[in-house]
Amino acid sequence: MKCFAMAENASYLDEKAKIEKRVEDLLARLTLTEKFKLLSSHGRLRFYTTGPIKRLNIPSFKMTDGPLGVAMHSSGFKKNTRFPATIALAASWNRELMRDIGTAIGEEVRAVGRHVLLAPGINICRTPLNGRTFEYFSEDPYLTKELAIPFVKGVQSQKVAACLKHYAANNQETDRKSSSSEIDERTLHEIYLRAFREVVKEASPWAIMTSYNMVNGVYASENKYLLQEILMDRWGFDGLVMTDWFASRPIKTTDSCVNAGLTLEMPWPSKYKTKSLEKAYHDGKFTEKILNDRVRRNIQVMMLTGLFDSPESLPDCSRNTREHQDLVRRAAEEGMVLLKNKGSILPLDMANLKRIGLFGHNLRKKFGRILSGGSSAVSPPYEVTPLEGLKKKVKNNVELVQDGRLVDLAIIFAGLNHGRGGDSEFADRSSLRLDEKQESEIKKVASENHQTIVCLIAGSPIAMDEWIDDVDAVLMCWYGGIEGGHAIANVLFGDVNPSGKLPLTFPKRFEDSPAHSTNNRRNYPGDDQKRVYYDEGVFVGYRWFDAKNVDPLFPFGFGKSYTKFQFESIQLIKDSIENPEDTMVVEMDVTNTGNRAGSEVIQVYAKDAIAYADRPPQELVGFEKIHLNPGESKSVSIKIRAQDLAFYDVSKHDWVIEAGEFKLLIGKSSREILGEINFVYG
Ligand code: BGC
């Protein structure tokens, strides 16, 4: 390819030339028909690749799902490392870990010869019933963006395009292809677009995927307000915009998509058939300038991912390595959230246990099967189940029994799976509770045993009122990926001290959460016209529970530890700030006063003391995770950006930080605040 290029003096193939020059050079060589071809994937059986253009040596551009690692269905049926589910990663509250995970997934994408990773999914968890909660980060836009930014940077460090999805307001699976998310302007920006905006601004993702749904009556793939006006013009996004798979089908016209800003239709042409594009163009429905902009974006990302470059110039790649497997274990451990630990029953002490009884649906379950749970499914070369993890941990020191014999302690592995109606694409959950069989099993086991621990393997909140008082401990394990079983055993036996914090509220009953509080179809799953009204406005997740004084089962940011942490001398380094670009630093001394090493996440929430808008009682604006040995103290600094204090003012159609008094609330969870500081903005 190179020789041909050099002979022709084609600078788009010159690896040393500047990207912009290469892009313009290629753009100038394309015929009109070739430009049209580049706006869609071609070829019926090719779900994840675009067609090549032989005349110009443009190879196929290849994508793969997804957030949990490289999916089998989109990588030529390859088995790859299955990483913890996004919600589990988010529960780690660890930015560096997210960068490492992004980098490792990027390496695997490259190792299967793909150029785009269809991840991260950064939709906000509006309802705990959303079937895809496990693929998303949080109910909070700040936490979402803080963790998605390093993930995107990690992926792209491998010259693999990260593709943010699903833009925008795709917050339920029920009727996802035909419903309209009806959202007022402030809520749209402040809650549902905020993480997209910040990730675009700070991590410059090379691609974004439109959602299936309509937003305020217009499909996302032809939504000029969302794409051209907000994403491109206001936020300066210069990457490509692809549809979700077949998302453009119900749209009526080709030109509405082109003019809105859609640059790549997947997985094959519907609105972007060459003939339709040709007709619309010749009828003057879109200009050459617009067409060039759409094509330019696609070829620029091709360039950025090294599509035209020699393999030697690309980063080294590898998959299924020991490093990736170790990383998965570490990430699964860091994300686990200890929800209950009566009488410090955990960690288990092997020396005091002779026989453990094991129960539950998920004890021997492997989760990584092709398309199980939808597009995010990754089929790994192996997967350690909880049973295998525990066997390896206890060796011959403790007897593990599964037949209900008399034991010292019972552990039940309950939860969900990736079947439809569970943690899965295409459908939402129908209940927040476990199925009756599992609830009865927990109650039975707890009544027959002296001590009972419940390990929940699931990717979304679970109501526990029916049984939580009967059991001694509850550990939220999420889906830990290939090394999940080892990670669980390490936490149960105290080799690792749990440090995960809930990235979303666990309600007692689903009716307690904002989308369900009215029990009116218009709020969920939609009225007769499939319009879903987000009437709760910005009061999503803990913002709702706090404002309405509803007690959650477990609050946002909550998670216990095997040790104790003390915060002292909390102070603000600067007690006034003036401009949106300014930052402040909250400082404190944190001491591990227990007898085990462990990590704590110090969380900072802001409250606009006197606000002219109706603002939530508190909003997350900063956090840091630190590790401390027993007795060790560290001084911790948490940076707070003034911009994160802003709200979206509809009268200005922009973000505003109101001058005046604010409070910073510093704590271990949204409901365990240990210190307060006042400051003035402006
Ligand atoms: C999902 C996307 C996914 C795409 C390609 C769709 O069903 O919504 O998240 O990337 O399929 O597999």
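The values are calculated or read from the model by the stated rules, or taken from the named source; none is laboratory data. Please read these numbers as outputs of a predicted model, since none were measured by experiment. We place every Cβ from the backbone using ideal geometry, glycine too, and count neighbours over all the protein chains shown. Quick note on the areas: whole protein, heavy atoms, side chains included, nothing else; ligands and nucleic acids left out. Shrake-Rupley method; radii C 1.70, N 1.55, O 1.52, S 1.80 Å.
For the stretch 271-283, what does the Karplus curve 6.51 cos²θ - 1.76 cosθ + 1.60, with θ = phi - 60°, yield as ³J(HN,Hα) per residue in whole Hz, taken in order and with x for Gly and Pro?
Using θ = phi - 60°, the values come out as 7, 9, 5, 3, 4, 5, 5, 4, 4, 4, 5, 5, 7 Hz.
Run the Debye formula on the Cα coordinates of the stretch 11-313, all scatterers equal and no solvent, and tell me log10 I(q)/I(0) at q = 0.07, 0.12 1/Å.
Values, matching the q order: -0.24, -0.73.
Between the DSSP loop rule and a limit of at most 16 other Cβ atoms within 10 Å, which chymotrypsin sites (Phe, Trp or Tyr not before Pro) in the stretch 388-473 are left?
PHE426
Aspartates and glutamates near LYS62 by alpha-carbon distance under 14 Å, same-chain residues fewer than 8 away left out - which ones?
GLU108, GLU265
Can you list the lysines whose alpha carbon sits under 22 Å from that of LYS639, skipping same-chain ones fewer than 8 residues off?
LYS145, LYS153, LYS201, LYS501, LYS574, LYS607, LYS625, LYS663, LYS668
What residues from the stretch 461-499 fall in the zone where the backbone N is under 15 Å from a label point 7 Å along the Cα-to-C-beta line of LYS443?
Inside the label zone: 464-471.
Of the trypsin sites (Lys or Arg not before Pro) in the stretch 8-57, which ones lie in a loop per DSSP and count no more than 15 other C-beta atoms within 10 Å?
Sparse-neighbourhood loop trypsin sites (Lys or Arg not before Pro): LYS16, LYS18, ARG44, ARG46.
If each residue of separation counts as 0.36 nm, what is the full-extension length gain between THR321 and LYS639 once their alpha-carbon separation is subtracted?
Stretched out fully, the THR321 to LYS639 stretch lengthens by 110.9 nm.
Enter the per residue convex hull volume of the stretch 565-681, computed from alpha-carbon coordinates, in Å³ rounded to the nearest integer.
Looking at the stretch 565-681, the number lands at 90 Å³ per residue.
Can you give the local net charge around ALA597? Use residues other than it whose beta-carbon is closer than 12 angstrom to its beta-carbon, Lys and Arg +1, Asp and Glu -1.
Charge balance near ALA597 sits at -2.
Sorted from largest down, give the three principal axis spans of the alpha carbons of the chain, whole angstrom values.
77, 59, 52
Among PRO128, VAL337, GLY66, which residue has its Cα furthest toward the positive end of the charge dipole of the chain, with +1 on Lys/Arg Cβ and -1 on Asp/Glu Cβ?
GLY66
Compute the signed sum of charges (Lys and Arg +1, Asp and Glu -1) over the other residues within less than 15 Å, Cβ to Cβ, of GLY419.
Taking every other residue near GLY419 into account, the sum is +2.
Ignoring any ligand, DNA or RNA, what whole percent of the accessible area of the chain comes from carbon and sulfur when the probe is 1.4 angstrom?
Roughly 47 percent of what the probe reaches on the chain is carbon or sulfur.
Contour minus end-to-end for LYS342 and THR33, with contour as 0.36 nm per residue of separation and end-to-end as the Cα-Cα distance?
Roughly 104.4 nm would be gained on extension.
Would you calculate the separation in nanometres between label points at GLN571 and ASN396, each defined as 7 Å from the Cα along the Cα-to-beta-carbon direction?
Going from the GLN571 label point to the ASN396 one covers 6.0 nm.
Can you sort THR49, THR253 by solvent-accessible area, 1.4 Å probe, largest first?
THR253, THR49
Using a 1.4 Å probe, what is the accessible area per residue for the stretch 565-681, in Å²?
On a per-residue basis, the stretch 565-681 sits at 44 Å².
List the residues, sorted by chain then number, that are 5 or more residues from PHE493 or on another chain and whose placed amide H is less than 5 Å from its amide H.
LEU348
Rounded to the nearest 10 degrees, what's the angle between the helix 95-111 long axis and the longest principal axis of the chain, both from Cα atoms, 0 to 90?
50 degrees
Could you give the angle, 0 to 90 degrees to the nearest 10, between helix 288-304's Cα long axis and the longest principal axis of the Cα atoms of the chain?
On a 0 to 90 degree scale, this one is about 50.
Fully extended, how many nm does the chain gain between LYS652 and ARG364 (0.36 nm per residue separation, minus their Cα-Cα distance)?
Length gained, LYS652 through ARG364: 98.1 nm.
For the stretch 11-313, what is the accessible area per residue in Å² when the probe is 1.4 Å?
Computed with neighbouring chains in place, this is 29 Å² per residue.
Tabulate in residue order the Karplus-calculated ³J(HN,Hα) for the stretch 19-24, using 6.51 cos²θ - 1.76 cosθ + 1.60 with θ = phi - 60°, rounded to whole Hz; enter x for Gly and Pro.
Result, ordered by residue: 3, 4, 5, 5, 5, 5 Hz.
Relative contact order for the stretch 565-681: what percent, with Cα pairs under 8 Å and sequence separation of 6 or more?
Relative contact order, the stretch 565-681: 30 percent.
Rank THR518, THR81, GLY537 by how far each Cα sits towards the positive end of the charge dipole of the chain (+1 on Lys, Arg Cβ; -1 on Asp, Glu Cβ) and give me just the farthest.
Towards the positive end, the residue furthest out is THR81.
Search the structure for amide H atoms under 5 Å from the amide H of ARG433, placed 1.01 Å from N in the peptide plane, and list their residues when 5 or more places away or on another chain.
ALA463
Percent relative contact order of the chain, based on C-alpha pairs within less than 8 angstrom and at least six residues apart?
Across the chain, relative contact order equals 14 percent.
Return the FRET efficiency for the residue pair ASP184, ASN595: r is the Cβ-Cβ distance, R0 is 45 Å, and the value is rounded to the nearest 0.05.
The pair ASP184/ASN595 has a calculated efficiency of 0.30.
Counting Lys +1, Arg +1, Asp -1, Glu -1, what net charge surrounds VAL394 among other residues with beta carbon under 15 Å of its beta carbon?
For residues surrounding VAL394, the net value is +1.
Setting aside same-chain residues fewer than 8 positions from LYS21, which aspartates and glutamates have a Cα under 18 Å from its Cα?
In chain and number order, the partners are GLU8, ASP238, ASP293, ASP309.
Can you give the relative contact order of the stretch 11-313 as a percent, counting alpha carbon pairs under 8 Å and 6+ residues apart?
Contact order relative to length: 20 percent.
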